[in-house]
Amino acid sequence: MEVSDLILADYAAANERGKFTLVGAGITEINAIKLPCIHPIMFLMVRVKVTRQDLGRNRFDIRMIGEKGTVFKAEGNLDVPNEHEGEQLIPMPMQLVNMKFDDAGDYSVEVRINGELKQSQNLKIKLIPSPQNAA
Amino acid sequence: MVKLHIKNASTSTLVAGSGECQIIDGSTFWNCDRREMSVTEFADRAGISRQAVVKMISGGRLQASMVGEQYIIPQEALVRYLRTS
């Protein structure tokens, strides 16, 4: 099982036929006027490529890691039934709410399947002057 | 159909390919000295609507600060509210 796409976006959705929609895709930086900051909502689109070799239970792990530790970690099982046929690309939109960033710097969203790192996406948190102080 | 179960998230199961969106609430991973919450969290814990929370903030009856475009409410404000309501 592979991760074909891992994209941070302002909004993501998918339908049952595997077609997905992204708005504001390609987030790589978040500007904060003070730290710690809480990003209220963003989406992570994970698209996995599933084949018959992936039948059964697969361990799915997604985490966001910063220079000083883990922002969040979610683990779960990805079950592929026996009747699954061929190669299938499955989009999985994930809504990330209340992501708290204590420090500026580099963060990374990592997806692991069965313990193996499949994809990662970098995210930089930048501290910028507030509009009031800049005047 | 591929089924995904996510632990440590605000929802437990995602059926991949169904078009459903899994919600991962980062606030569940904050360390124990987290002291802020969103309007929605406050509303859920206080048992009132989000609109009521926003109205209280606008009226100065509930302490909150802005992070980006969202209100962040300190934990102490919830405690005060529950004691007086």
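Values in this text are rule-based calculations from the coordinates and carry no lab data. As the structure is a prediction and not an experimental result, all values here were calculated from the model. All Cβ positions, even for glycine, are placed from backbone atoms using ideal geometry, and neighbour counts span all protein chains on display.
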Inset, instruction - Would you list which lysines come within 26 Å of B:LYS55, measuring only between C-alpha atoms, while excluding same-chain residues fewer than 8 positions from it? - result: A:LYS34, A:LYS100
Legend entry - Length added when fully stretched, B:VAL79-B:GLN51, from 0.36 nm per residue minus Cα-Cα: 8.2 nm
Inset, instruction - Among the aspartates and glutamates, select those whose C-alpha is under 14 Å from the C-alpha of A:LYS73, and discard any that sit fewer than 8 residues away in the same chain. - result: A:ASP61, A:GLU110, B:ASP25
Inset, instruction - Beta carbons within 10 angstrom, averaged per residue: use that to sort the peptides A:64-76, A:119-131, highest first. - result: A:64-76, A:119-131
Inset, instruction - Please give the peptides B:71-83, A:44-56 ranked by average Cβ packing (other Cβ atoms within 10 Å per residue), highest first, as a rough proxy for protection. - result: A:44-56, B:71-83
Inset, instruction - For chain A, build the charge dipole from Cβ charges (+1 Lys, Arg; -1 Asp, Glu) around the Cα centre, then report which of A:LEU35, A:LEU89, A:LEU22 sits farthest towards its positive end. - result: A:LEU35
Legend entry - Inter-chain shielding of A:34-47 (mean C-beta neighbours from other protein chains, 10 Å cut-off): 3
Legend entry - Calculated [θ] (222 nm, deg cm²/dmol) that DSSP helices of n ≥ 4 give over chain A, each run adding -39,500 (n - 2.57): -500 deg cm²/dmol
Inset, instruction - Compute the relative contact order of chain A as a whole-number percentage, counting only Cα pairs closer than 8 Å that sit 6 or more residues apart in sequence. - result: 32 percent
Legend entry - Global geometry of segment B:36-85, whether rounded, prolate or oblate, following the gyration tensor of its Cα atoms and the 1.5 cut on a/c: rounded
Legend entry - FRET efficiency estimate (nearest 0.05) - Cβ-Cβ, B:GLN70 to A:ASN77, R0 25 angstrom: 0.15
Legend entry - Partner chain coverage, peptide A:62-74 - average Cβ within 10 angstrom: 3
Inset, instruction - Subtract the Cα-Cα distance of A:LYS124 and A:ILE65 from 0.36 nm times their separation in residues, and report this length gain in nm to one decimal. - result: 20.1 nm
Legend entry - Peptides B:40-47, A:21-28 ordered by average Cβ neighbours within 10 Å, highest first: B:40-47, A:21-28
